[in-house]
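Each value in this text was obtained by applying a stated rule to the coordinates, not by laboratory testing. What you see is a predicted model, and the numbers here were worked out from it, not measured in a lab.
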Amino acid sequence: MGDARAVVEGRRSQVEADSLVREFEQSGLSRKVFCSARGIAPHTLDYYRARYRARRAAPASQELLPVDLISAPPMSGGLRVELADGRRIVVETGFDVSHLKRLIAALEG
């Protein structure tokens, strides 16, 4: 029946638009030739490229990331943050708040 990547009501999803941008950048083709082969207008590709670059250039600190909650450790008054890449921050009970503030400021750059 229809292609799973078919455009619905003249609009592509962000995933589809991003895929077109990556295909174009890897193709080595001119905009005109690439767009002609894909059946899209060059200004549409330009729009997708601008949006793609803007999202890639956005500071990571503004992005929301998923968090998985695991079983809570016994209440010790401390806290532990484990990042997906294996890095972790552990704050023990009785920590120096000013030291933690300086650490956070240094990490935020």
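Observations, loosely collected:
- Note, ³J(HN,Hα) from phi for segment 35-40, Karplus 6.51, -1.76, 1.60, rounded to Hz, x at Gly and Pro: 5, 4, 5, 9, x, 10
- Gyration tensor (alpha-carbon) shape descriptor, segment 14-62, a/c threshold 1.5: prolate
- Gain in span if fully extended, residue 29 to residue 88, counting 0.36 nm per residue against the direct Cα distance: 16.8 nm
- Along segment 43-57 the Karplus relation, 6.51 cos²θ - 1.76 cosθ + 1.60 evaluated at θ = phi - 60°, assigns HN-Hα couplings of 5, 5, 4, 4, 4, 4, 5, 5, 5, 4, 5, 5, 5, 5, 8 Hz to successive residues, with x for each Gly and Pro.
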